[in-house]
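Notes to accompany the following structure.
The values are calculated or read from the model by the stated rules, or taken from the named source; none is laboratory data. The structure displayed is predicted, hence computed values, not measured ones. We place every Cβ from the backbone using ideal geometry, glycine too, and count neighbours over all the protein chains shown. Only protein heavy atoms, including side chains, enter the accessible area calculation; ligands, DNA and RNA are left aside. Shrake-Rupley method; radii C 1.70, N 1.55, O 1.52, S 1.80 Å.
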Amino acid sequence: MQRSNASAVPTKTYNLAIYLGLIALTTIVTFMYLDINMMEIVLSFPQVISFFVTNFWPANIASLPTYLPYVIETILFAVVGTYVSAILAFVLGLLMAEQTNPFAGFRVVVRALVSFMRNIPVLVWASLLVYIFGIGSLVGLIALILATLGFLTRSYAESIDEIAGSKLDALKASGASYWQILFHGLLPEFAPAWLNWTLFSFEINIRASSILGMVGAGGIGIMIQTNIRLFKYHEALSLIILLVVMVLLTEFLVNRLRRAIS
């Protein structure tokens, strides 16, 4: 036993050295392919700090009250987007889960639709919808719903399959109908997972709804972009600080709510 343990240590060290070497080689090849000069980045870093301190600092907080409607709009984007997505994703999750939808072909169609929506980033959705609907709040809301719908549907479906595979055997064995299994077995067991995934999605949507303004989809992001384009860096910094505080406060409240639910 002692010899086997002793021989295992050099083997683990050798494997670790190989992994680190592959990581280093991959990093070097990546930088070479992308033509990135790390020395140039390091040397320009003090210049970046100097530009930020000179142009952005201090933040101009005097005009923050005028941006309050945009903050409210950003929060409402996240609330409505998460609310609508959670309802639609629950229905699609039932259709996508193996234990709640016995029709394999239908599940494949739903899974393909969900994968399509999930793999397109929210900014890409917003950029496409801007060309269709023009600049406005509707674009941001639809983009947020589409991006969130794909994420929540897959999360709900996986949670439903886990419950259906272990918790509902007794109901199935007793001859309960589909709707009895759904309302008396699945929904009570799925409720905690539903709340956790929905709250997590809301936390993500707060950040996403802030970024949506960068492509003209409304919210606080559009004011950050506008102030930077107009060289109003002090006001832009105040909005960035406000955004960071809003995101951190959302994380704090969501975490407290999760603990209270669990």
Which of these values of Cα Rg over 2.2 N^0.38 Å was calculated from the structure shown: (1) 1.00; (2) 1.35; (3) 1.07?
(2)
Estimated vicinal HN-Hα couplings, Hz - segment 41-51 in sequence order (Karplus 6.51, -1.76, 1.60; Gly, Pro = x):
5, 5, 5, 8, 4, x, 5, 5, 4, 5, 5
Of the peptides 89-97, 194-202, how do they stack up when ordered by the mean number of other Cβ atoms within 10 Å, highest first?
89-97, 194-202
Roughly how many percent of the accessible protein surface of the chain is carbon and sulfur, given a 1.4 Å probe and a whole-percent answer?
72 percent
For the chain, size of Cβ-based charge dipole, Lys and Arg +1, Asp and Glu -1, in debye:
280 debye
Give me the accessible area per residue for segment 76-134, probe 1.4 Å, as a whole number in Å².
56 Å²
May I ask you to order 221-231, 240-250 by the average number of other C-beta atoms within 10 Å around their residues, highest value first?
221-231, 240-250
With the crude spin-label approximation of a point 7 Å out along Cα→Cβ, what separation in nm comes out for residue 245 versus residue 68?
1.3 nm
The percentage of Cα-Cα pairs in segment 32-172 separated by more than 22 Å is 62 percent
